[in-house]
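Engineer: Can you keep this structure in mind? I'll have questions shortly.
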Amino acid sequence: EGRWFAVRVAPLGTHGLVLVLAEDLTEMRRTEAIRRDFVANVSHELKTPVGALSLLAETVAGAADDPEAVRRFTGRMQIEAVRLNNLVQDLMTLSRVQGDEPLPEPRPVALDDVVGEAVDRCRIKAEAKDIELVVGGRVGLRVRGDEELLVTALRNLIDNAVAYSPDNTRVVIATTQADADHVELTVTDQGIGIPDAELERIFERFYRVDPARSRRTGGTGLGLAIVKHVTTKHGGEVTVWSKEGSGSTFTLRLPLMRGDNPTTQPATAPR
Ligand code: ADP
C-alpha cells in the first residue's frame, strides 16, 4: 500500500512566494476510518439497551393486570437503564481524556487517597462474589495529576479484576516506588487471565475477549481504553501481565512527584 499526499500550493503576499503544503492523505484516511468505526460501534452499543428498554416498556404496558410480571419486567428495565448510564458515563470520560492536550490543572495527588477511594467504590461488587480486596505497599507516595481521573482508572482495573475472577479469590492492590522517579500501582487477580494473542488489543475501545461475558458483567468495553488514556495523560504507561487460567496483573507506572522524598524536604517550612 503506497502513501498518498495532497500538495497544496498557496501564493503568499505580493512577492510571489509560494508555500507548499504536503498533507499525508494515507494518515488522514486511516484516522477517518477509525472515527467512522467508532461511531458505528457507539451506535451499536447504544442500540442494544435502548431496544431492550422499548421492548420491555411495551411488555409492561401489556401486563398491567399482572403485578408479578410488572415487577419482573421493570426490574429488567432498571438493569438496562444502568447499562445505558454506564455507557454514556464512560463515553463522556473517554472524550475528556483521549485528546493529546495535557491535563488542564495538575495538582499533587496522594496515591493512598486514590487507592482508598477506588477500593471503596468496588467493595460492594467484590463482596457480592466473596472476593477479598487486599491493599498493600508503600504509603505516602504522591503524583501530580487529577485525583478523580486516577480513581476512575484504578476503579476500572479493580472492577475488571473482580468481574473476571471466580468467587472466593483475592485481588491485591499495591503501591510501590519503582525507581527514583516512578511509582507503580498494580492490581493483581486470580482470575481467568487473558490469552497472549489478545493482550495487545484489550486496550482498544470496545474490544472484548469474550463479548458475552463482558456484557453479562455489565462491562462497556471502554474501561481499559479509559485507563490507557488517563495514564498517558499523566505521563505514565500501563502494562499487563497475564496467564490464562491463573490471573492477571495490570500496572500503572506514573512519574513520582518531585520533592516527594521525605528526607530531602525541610522538616519545617520557613515562615
Ligand atoms: P469490559 O467492559 O468488557 O470489561 P475493558 O476495556 O475494561 O472492557 O476490558 C476489555 C477486555 O479485556 C474485557 O472484555 C476482558 O475480556 C479483558 N479483561 C480486562 N481485564 C481483565 C482481567 N483482569 N482478567 C481477564 N480479562 C480481562
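Engineer: Taking the criterion of being surrounded by 13 or more Cβ atoms within 10 Å (Cβ to Cβ), basic (Lys, Arg) and closer than 17 Å to GLN177 by Cα, would at least one residue in region 125-137 satisfy it?
Structural biologist: The answer is no; no qualifying residue exists.
Engineer: Pairs, please: C-beta under 6 Å, at least 6 apart or cross-chain, first residue over 20 Å from THR152 (Cα atoms) and of a type in the set (A, V, I, L, M, F, W, C) and in region 209-227, second part of a helix (DSSP H, G or I) and open to solvent by 20 Å² or more (accessible area, probe 1.4 Å)?
Structural biologist: Between residues of region 209-227 that are over 20 Å from THR152 (Cα atoms) and of a type in the set (A, V, I, L, M, F, W, C) and residues that are part of a helix (DSSP H, G or I) and open to solvent by 20 Å² or more (accessible area, probe 1.4 Å), the close pairs are VAL209/GLU198.
Engineer: How many residues does region 94-124 contain that are closer than 17 Å to ASN160 by Cβ and open to solvent by less than 30 Å² (accessible area, probe 1.4 Å)?
Structural biologist: Here the count works out to 6.
Engineer: If LEU53 passes every condition in (1) outside any loop (DSSP other than H, G, I, E, B); (2) modelled with pLDDT of 90 or more; (3) open to solvent by 70 Å² or more (accessible area, probe 1.4 Å) but one, which one does it miss?
Structural biologist: All conditions are met except number (3).
Engineer: Something else now. Spot the failing condition for LEU154; the list is (1) more than 26 Å from ALA180 (Cα to Cα); (2) in contact with a helix residue (DSSP H, G or I) (Cβ under 9 Å, 6 or more places away or on another chain), and only one is missed.
Structural biologist: Among (1) more than 26 Å from ALA180 (Cα to Cα); (2) in contact with a helix residue (DSSP H, G or I) (Cβ under 9 Å, 6 or more places away or on another chain), LEU154 violates only (1).
Engineer: Can you pull out the residues in region 147-158 that are in contact (Cβ under 8 Å) with a residue 40 or more places away in the chain and surrounded by 21 or more Cβ atoms within 10 Å (Cβ to Cβ)?
Structural biologist: Result: LEU149, LEU150, THR152, ALA153, LEU154, ASN156, LEU157, ILE158.
The values are calculated or read from the model by the stated rules, or taken from the named source; none is laboratory data. Given the structure is predicted, the values throughout are model-derived calculations rather than measurements. Counting neighbours? That spans all protein chains shown, and the Cβs are built from the backbone with ideal geometry, glycine included. All accessible areas refer to the heavy atoms of the entire protein, side chains included, with ligands and DNA or RNA removed. Shrake-Rupley method; radii C 1.70, N 1.55, O 1.52, S 1.80 Å.
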